[in-house]
1. Taking Arg370 as meeting all but one of (1) over 25 Å from Leu260 (Cα atoms); (2) more than 16 Å from the ligand (Cβ to nearest atom); (3) surrounded by 20 or more Cβ atoms within 10 Å (Cβ to Cβ), write down the number of the exception.
2. Of the conditions (1) charged (D, E, K, R); (2) free of Cβ contacts under 8 Å to residues at least 60 places away in the same chain; (3) exposed (fewer than 15 other Cβ atoms within 10 Å of the Cβ), Asp265 clears all except one; give me its number.
3. Please give the number of the condition Gly379 fails out of (1) among the small types (Gly, Ala, Ser); (2) within 23 Å of Ser305 (Cβ to Cβ); (3) away from the ligand (no atom under 12 Å from the Cβ).
4. Name, by its number, the condition in (1) within 23 Å of Glu334 (Cα to Cα); (2) part of a helix (DSSP H, G or I); (3) in contact with an Asp or Glu (Cβ under 8 Å, 6 or more places away or on another chain) that does not hold for Phe264.
5. Do you know which of the residues in region 157-196 that are surrounded by fewer than 17 Cβ atoms within 10 Å (Cβ to Cβ) and of a type in the set (D, E, K, R) is farthest from the ligand (Cβ to nearest atom)?
6. Looking at region 164-182, is at least one residue of a type in the set (Gly, Ala, Ser), touching a residue at least 12 places away in the same chain (Cβ under 8 Å) and either touching a helix residue (DSSP H, G or I) at 6+ places or on another chain (Cβ under 9 Å) or part of a loop (DSSP other than H, G, I, E, B) (or both)?
7. Of the residues Ser136, Ser142, which single one is within 13 Å of the ligand (Cβ to nearest atom) and part of a helix (DSSP H, G or I)?
8. As an exercise: evaluate Glu38 against (1) closer than 27 Å to Met508 by Cα; (2) at pLDDT 95 or above; (3) exposed (fewer than 15 other Cβ atoms within 10 Å of the Cβ) and give the number of the one condition it does not meet.
Amino acid sequence: MKTLLNLITMEMEQAFQAAGYDAVYAKVTLSNRPDLCEYQCNGAMAAAKAYKKAPLMIAEDIVAHLQESQCLCSAEAVRPGFINLKVDPMFAAGFLNEMAQAENLGVEKEKEPKTVMLDYGGPNVAKPLHVGHLRSAIIGESIKRIIRFKGNRVIGDIHLGDWGYQMGLIITELEARKPQLPYFDEEFTGEYPKEPPFTIGELEEIYPTASAYAKEHEEYREKALHATYLLQSGHRGYRAIWQHIMNVSVSDLKKNYGILKVDFDLWKGEADVQKYIPEMVEMLKDKGFAHYDEGALVVDVAEESDNKAVPPCMILKSDGAALYDTTDLATLVEREELYSPDKIIYVVDKRQELHFVQVFRCAKKTGIVRPDVELKYLGFGTMNGKDGKPFKTREGGVMRLENLLREIEEEMLKKIMDNRTVDTEEARATAKIVGLAAVKYGDLSNQASKDYIFDVDRFTSFEGNTGPYILYTIVRIKSILNKYEESGNHAEGLLIREACKECEKALMLETAKFNEIIDTVYEEIAPHKLCAYIYDVANAFNKFYHETRILAEEDAQKKAGYIALLQLTQQVLETCIDLLGFEAPERM
Ligand code: ARG
């Protein structure tokens with residue numbers, strides 16, 4: 001379905017042509033003077049030069065050709081040559097009714113769907129999930145849903161950090177604590193126990209303890225590095241421990257991402273691509289891309305136009321160990337082989353930008369990915385506390401995700417209990433739903449690349465540009481629709497009617513922007529613009545609500561029209577929040 005802006009633009013193009021001017025000047029935008037008009041066209045100003053004519057005269061010529069318009073009810077030429085436009089209320093109602101019937105609420109699917117891989121989440125196994133991983137999960141999930149909504153095949157991959165030094169540290173610490181375990185007995189040839197030798201709680205304590213200890217004790221560090229090396233070269237007992245670490249961690253991660261309503265299609269990780277490394281390294285050497293530099297194997301990726309130095313991509317350390325660059329390149333080898341994606345988007349902290357510049361250049365230059373594969377890095381900013389520094393617990397430690405969510409939920413629960421008289425159990429369930437919306441909306445409403453301040457009080461407020469405000473609006477609509485049905489009416493199949501007052505028309509025009517906004521959000525990969533949009537819709541609805549007696553309207557036709565408009569507004573809002581990755585409760 002065409003967008004409303006498209007339809008108005010086409011109307012203007014016809015008028016320009018009919019008046020003898022080139023249609024390229026017929027560009028229409030939203031009005032920047034909403035007090036005067038809804039849309040505007042400044043094309044007469046641009047055409048004035050080409051036609052050596054006063055802009056106002058051109059504008060008047062155009063306006064003369066718009067008198068019969070179905071789509072516009074008013075077109076005015078104003079000084080110095082603007083054309084102010086208002087949409088015909090009947091036309092607007094027709095547009096909305098068509099939208100309500102259309103698949104995807106009038107959003108067109110991609111004609112040639114693409115296979116898009118999304119690399120997001122990126123938690124490190126055996127380390128607690130912390131708020132740093134929160135942004136990647138929230139932003140990535142939303143982007144995944146948006147791209148999928150447009151009809152593409154999207155594969156979300158968590159890309160676990162499950163290989164390397166942290167594993168060596170855990171193995172070393174475990175051996176120090178429980179040397180009698182069979183994993184450390186080199187003579188042992190039997191089957192290793194099925195039960196893991198630790199719980200998730202222990203595992204999360206082991207890693208930081210070992211990591212801190214290794215920083216102080218060189219011998220211990222050496223041991224952990226050696227354990228890492230042995231693990232990577234296939235040591236049987238260490239492999240078995242690694243598998244335990246994976247099982248325990250991954251089920252904990254699944255639980256946490258489940259709470260966040262973040263859902264990955266693939267649970268692959270760095271370890272999965274180790275098998276591609278040897279052949280990839282051979283290829284890089286054979287084709288002359290890689291060379292040794294102070295013992296390390298590297299690929300140069302600097303380009304002449306660089307204004308900052310881009311160091312070579314590190315393939316192997318002097319001791320032969322693989323690095324972060326190596327696993328990301330090998331992951332590309334695997335992705336090409338298994339999925340041959342058209343595009344891969346990485347949602348990763350913006351501090352890793354250089355790494356991705358190196359990896360992308362190397363992958364393209366060496367043919368690891370086909371030339372037409374689009375590799376896109378979407379770097380996000382830091383989530384800061386109110387002090388402007390990276391978010392910490394009150395005690396100054398790294399905030400764990402679970403605790404952060406709990407804090408938000410409790411704040412939400414307080415507010416819900418203060419406000420309403422629902423029983424505690426329902427209030428608790430609602431606080432979970434609204435709390436998640438508060439966190440996600442608080443994050444997504446900021447442009448991803450910017451740092452932002454995580455402010456519990458602001459995010460959980462029912463007023464202002466917040467998740468709870470949006471949900472509150474949806475719940476309000478639901479409640480009106482329920483009451484309408486409870487009084488014996490059917491809300492199905494009703495038609496939206498032409499608006500009879502300003503606030504109603506404003507809501508209609510806001511709702512009508514849906515397909516246009518989705519296309520912009522999709523093209524720019526900009527969930528924050530979706531937030532800005534639903535905030536506008538919610539505001540337009542609430543203004544309409546405050547100025548209108550909806551259920552008390554005596555004219556049954558008019559009332560039915562209101563109800564139809566509410567239904568569509570609800571659908572638009574709920575579709576949008578689903579694309580952002582959260583949902584609305586039944587009541588609040
Ligand atoms: N595990 C990494 C980290 O915590 C993020 C992984 C991002 N994705 C990737 N393909 N490198 O920093």
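The values are calculated or read from the model by the stated rules, or taken from the named source; none is laboratory data. Not measured: the values here are computed from a predicted model. Don't worry about glycine lacking a Cβ; one is built from the backbone with ideal geometry, like all the others, and counts go over all protein chains shown.
1. In the conditions (1) over 25 Å from Leu260 (Cα atoms); (2) more than 16 Å from the ligand (Cβ to nearest atom); (3) surrounded by 20 or more Cβ atoms within 10 Å (Cβ to Cβ), Arg370 misses (3) alone.
2. Against the list (1) charged (D, E, K, R); (2) free of Cβ contacts under 8 Å to residues at least 60 places away in the same chain; (3) exposed (fewer than 15 other Cβ atoms within 10 Å of the Cβ), Asp265 comes up short only on (2).
3. Condition not satisfied by Gly379: (3).
4. If we test Phe264 against (1) within 23 Å of Glu334 (Cα to Cα); (2) part of a helix (DSSP H, G or I); (3) in contact with an Asp or Glu (Cβ under 8 Å, 6 or more places away or on another chain), just (2) comes out false.
5. Only one residue tops the list, namely Glu187.
6. The answer is yes, given that some residue of region 164-182 is of a type in the set (Gly, Ala, Ser), touching a residue at least 12 places away in the same chain (Cβ under 8 Å) and either touching a helix residue (DSSP H, G or I) at 6+ places or on another chain (Cβ under 9 Å) or part of a loop (DSSP other than H, G, I, E, B) (or both).
7. Values: Ser142 fails: within 13 Å of the ligand (Cβ to nearest atom).
Just a single option satisfies the conditions, and that option is Ser136.
8. Status for Glu38: all satisfied but (3).
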